[in-house]
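Structure record follows, encoded as structure tokens.
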Amino acid sequence: MLFDTHAHMDDHAFDVDRDELLSSLPGQGIALLMNPGCSLESSRNASQLSQRYDYIYAAVGSHPDAADEVNEEVLEQYRELCKQNPKIKAIGEIGLDYHYEDIPRDIQKKAFRAQMALAAELDLPVIVHERDAHEDGMAIVREFPNVKGVFHCYSGSAEMAKQLVDMGWYIGFTGVLTFKNARKALEVASSIPLDRLVLETDCPYMAPEPFRGKRNDPGKLYRMAEKLAELRGLTVEEIHAITVENGRRLYRI
Ligand code: NI
């Protein structure tokens, strides 16, 4: 059984068959699933899904792409959602994305800090999205020593991963692990302590080989487990057990 620690089941890509797919996932080996929010609207939808399916948990937060919506009112809505639904186990996904920079960096940083502070206040772990913003991302994380969580779809160096692990953080790996050009991700997945690794699809994006370019879904997470087992010289069953336990510890489930 596997824990998909990052799956956007509220995404419009699943509008055509969401309930059919969600009903089938436990039969496909998915024991637990974390659905992070990307905006206030998506956080509400994630929360609702967690109330309809036993194995689904939710996080609330505004992604760097939605950083410009973050204000006191939105933060209050997140507080309210957390109060109403005990299956909300994290604040996320939040962070920085300088790849496209649709939202100016100072607005992204302000939203990231405000939501890190919310996580500290509510004593919840965070799900961090950080792309091409390693230095600023690490600097803000260090401003909140009491807040821990996961760097999802990890794209940093092995050295940065080591720093995060030493600070008590987890590292999330997607289908990128199965890509031919995944040298950096493979290096990190081979070297960090086994008890700090979690697996995720980040679906509907990032489908693993041999599904690359297609719609991704949690039923394809077994490919990441196979790859990790090969890398670490363990059986697939051992990787399943270890990564489920890590995900539970990360999100306190
Ligand atoms: Ni995501």
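The values are calculated or read from the model by the stated rules, or taken from the named source; none is laboratory data. All of these numbers come straight from a predicted model, not from anything done at the bench. Glycine gets a Cβ as well: all are built from the backbone with ideal geometry, and neighbour counts include every protein chain shown. With ligands, DNA and RNA removed, areas are computed over all heavy atoms of the protein, side chains included. Shrake-Rupley method; radii C 1.70, N 1.55, O 1.52, S 1.80 Å.
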Summed side-chain charge close to residue 249 - residues other than residue 249 whose Cβ falls under 14 Å, Lys, Arg +1, Asp, Glu -1: +3
Farthest positive-ward along segment 28-175 dipole, Cα basis, beta-carbon charges - from 133, 116, 104: 116
Cα-centre dipole for segment 51-169 with unit charges at Cβ (Lys and Arg positive, Asp and Glu negative), debye to 20: 520
Of all accessible heavy-atom area on the chain, the percent that carbon and sulfur account for (1.4 Å): 49
Interatomic Cα distance distribution for the chain, bins of 5 angstrom, percent: 1, 7, 15, 19, 21, 18, 12, 6, 1, 0
Cα centroid of segment 1-25 to Cα centroid of segment 214-250, whole Å: 17
Estimated FRET transfer efficiency when R0 is 22 angstrom, pair residue 163-residue 113 (beta carbons, to 0.05): 0.70
Nearest-20 debye value, segment 131-222 charge dipole, Cβ charges on Lys, Arg, Asp, Glu: 360
Paramagnetic reach from residue 131 (point 7 Å along Cα→Cβ, amide N under 18 Å) across segment 213-253: 213-217
Cβ-defined net charge surrounding residue 16, 13 Å radius [Lys, Arg +1; Asp, Glu -1]: -4
At R0 = 22 Å, FRET efficiency that the Cβ-Cβ distance of residue 15 and residue 51 yields, to 0.05: 0.70
Value at 222 nm in deg cm²/dmol, rounded to 500, when DSSP H runs of n ≥ 4 in the chain each add -39,500 (n - 2.57): -13000 deg cm²/dmol
Two-site FRET efficiency, residue 231 against residue 102, from Cβ-Cβ distance with R₀ of 35 Å, rounded to 0.05: 0.50
Per residue accessible area of the chain, 1.4 Å probe, in Å²: 43
Long-range tail of P(r) for segment 61-210 (Cα pairs > 27 Å, %): 21
Whole-Å distance, taken between Cα centres, linking segment 189-206 and segment 65-107: 22
The chain - percent relative contact order, Cα under 8 Å, separation 6 or more: 19
Within segment 22-42, backbone nitrogen closer than 18 Å to the virtual label 7 Å beyond the Cα of residue 205 toward Cβ: 34-42
Alpha-carbon Rg/Rh ratio, for segment 122-167, with Rh computed the Kirkwood way: 0.92
Hz values of 3J(HN,Hα) by residue in segment 208-218 - Karplus curve (6.51, -1.76, 1.60), Gly and Pro given as x: x, 5, x, 9, 3, x, 8, 5, 8, 8, x
For the chain, size of Cβ-based charge dipole, Lys and Arg +1, Asp and Glu -1, in debye: 700
Separation of the residue 181 and residue 41 label points, Cα + 7 Å toward Cβ, nm: 3.3
Interatomic Cα distance distribution for segment 1-82, bins of 5 angstrom, percent: 3, 16, 25, 24, 15, 10, 5, 2, 0
